[in-house]
Amino acid sequence: MIDARQFQELRPYLFSIAYRMLGRASEAEDVIQDAWLRAQQSADAPDSTRAWLSTVVTRLCLDRLKSAQATREEYVGPWLPEPVLPDAFAPDATVLQDESITLAFLVLLERLSPAERAAFLLREVFDYEYRDVAGILDVNEAATRQLVHRARERLAQGRKRFEPDPERRREVVHRFLAAAREGDLAGLEELLAADAHWVADGGGKVPAATRVVQGASPVARFFLGIWTKGAAVPDRWRVELREINGEPALLAFVDGGLDTVFVFSIGDERIQSVQAVRNPEKLAWLRGRLELTR
């Protein structure tokens, strides 16, 4: 049996797997709780606690992904992952591991089948051997290699340059916010990639753009409009610059409550995309973590 101390030590690692698999922090927590219950019901002590729990978590996530496909198809407007604070993850050591928690990359993972997603993450992000991935997925090694190969090809089609230096990412966003405060539309456009896009997720529960906004000028105008509207009521609206999913983000609070999270994806010294998460259900987990830190 796995004891509670072992499980708690591995919890950030298990969350790192489950969140990347699902894109939902709340569901990742549910999966981890289910894994703990299964660990308590198992009488045998595994040779490797981490490997056993990783297998259980991955398979539980696969079940959820398969059942969620129909729900995702019915979702109102663009779908974005739940934003999370960086301290929720196990410490990562490579650029790909850092990139793999960004909202933009998690959206790309939606292109993959559940099995492709699991195989890619376990092999490319968590550095499992092919034979171990095959054991977790209960397929042969050749099939596992094919899953990873197909995943790489599909992700390459939509993947943009990721800026690995956190300081450079923050500097770009600081300049962007300074331009917004000054109402400098040209300054905003200059900091956006020519093919930059704006994606908003309201889930049909709150007002949000239901289509992707494309191009530096439209995105700059859209952001400046939101900024101007909020700045007009400073007694009700405030913003806070934080790191979310490994990237600089602007948290907007209305009447003291978290209203929107704007996450900026940076590459080649330009903002490649802005993801605006507004769906209250997707902000619940982050709201709870912020309250704990205040």
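The values are calculated or read from the model by the stated rules, or taken from the named source; none is laboratory data. Please read these numbers as outputs of a predicted model, since none were measured by experiment. Every residue, glycine as well, gets a Cβ built from its backbone with ideal geometry; the counts of neighbours run over all protein chains shown.
Taking segment 33-65 as the range and being polar (S, T, N, Q) and surrounded by fewer than 17 Cβ atoms within 10 Å (Cβ to Cβ) as the test, the residues that pass are GLN33, GLN40, GLN41, SER42, SER48, THR49.
Quick one: is GLN157 closer than 25 Å to ILE17 by Cβ, modelled with pLDDT under 95 and assigned to a helix (DSSP H, G or I)? So GLN157 fits the description; yes. Checking each residue in segment 160-174 for being in a helix (DSSP H, G or I) and surrounded by 14 or more Cβ atoms within 10 Å (Cβ to Cβ) picks out PRO166, ARG169, ARG170, GLU171, VAL172, VAL173. Applying a threshold of 9 Å to beta carbon distances and a minimum spacing of six or more residues, or different chains, the list of pairs starting in segment 276-287 at a residue that is over 13 Å from PHE253 (Cα atoms) and ending at one that is among the aliphatic types (A, V, I, L, M) and loosely packed, with under 15 Cβ neighbours inside 10 Å reads ASN279/VAL206.
For segment 94-107, the criterion of a residue being surrounded by fewer than 21 Cβ atoms within 10 Å (Cβ to Cβ) and either in contact with a Lys or Arg (Cβ under 7 Å, 6 or more places away or on another chain) or of a type in the set (Gly, Ala, Ser) (or both) is satisfied by no position.
So that you can scan it fast, the table gives a plain yes or no per residue for (1) exposed (fewer than 13 other Cβ atoms within 10 Å of the Cβ); (2) within 27 Å of LEU292 (Cβ to Cβ); (3) modelled with pLDDT under 90:
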| residue | (1), (2), (3) |
| --- | --- |
| TYR19 | no, yes, no |
| GLU27 | no, yes, no |
| VAL31 | no, yes, no |
| SER67 | yes, no, yes |
| GLU74 | yes, no, yes |
| PRO86 | no, yes, yes |
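Kindly indicate whether LEU121 is of a type outside the set (Val, Ile, Thr), part of a helix (DSSP H, G or I) and at negative phi. Here the answer is yes, as LEU121 does meet what is asked. Within segment 72-87, is even one residue assigned to a helix (DSSP H, G or I), assigned by TED's automatic domain parsing to the domain that holds VAL125 and basic (Lys, Arg)? Yes, segment 72-87 contains a residue that is assigned to a helix (DSSP H, G or I), assigned by TED's automatic domain parsing to the domain that holds VAL125 and basic (Lys, Arg). Within segment 156-177, the residues that satisfy the criterion of being closer than 25 Å to ALA231 by Cα and touching a helix residue (DSSP H, G or I) at 6+ places or on another chain (Cβ under 8 Å) are ARG175, PHE176.
When restricted to residues that are surrounded by 15 or more Cβ atoms within 10 Å (Cβ to Cβ) and without any contact (Cβ under 8 Å) to a residue 24 or more places away in the chain, segment 190-229 contains 4. Of all residues in segment 170-189, those that are touching a residue at least 24 places away in the same chain (Cβ under 8 Å) and farther than 22 Å from LEU258 by Cβ total 5.
For segment 1-12, the set of residues classified as surrounded by fewer than 17 Cβ atoms within 10 Å (Cβ to Cβ), in contact (Cβ under 8 Å) with a residue 40 or more places away in the chain and either under 23 Å from PRO91 (Cβ atoms) or touching a Gly at 6+ places or on another chain (Cβ under 6 Å) (or both) consists of GLN6, PRO12, listed by residue number. Within segment 128-157, residues that are of a type in the set (Asp, Glu) reach partners that are in a helix (DSSP H, G or I) with beta carbons closer than 6 Å, at six or more positions or on different chains, in the pairs GLU141/TYR130; GLU141/ARG131; GLU141/ALA134. Just one residue in the set PHE105, PHE89, PHE120, PHE126 is touching an Asp or Glu at 6+ places or on another chain (Cβ under 6 Å) and aromatic (Phe, Trp, Tyr); that residue is PHE105.
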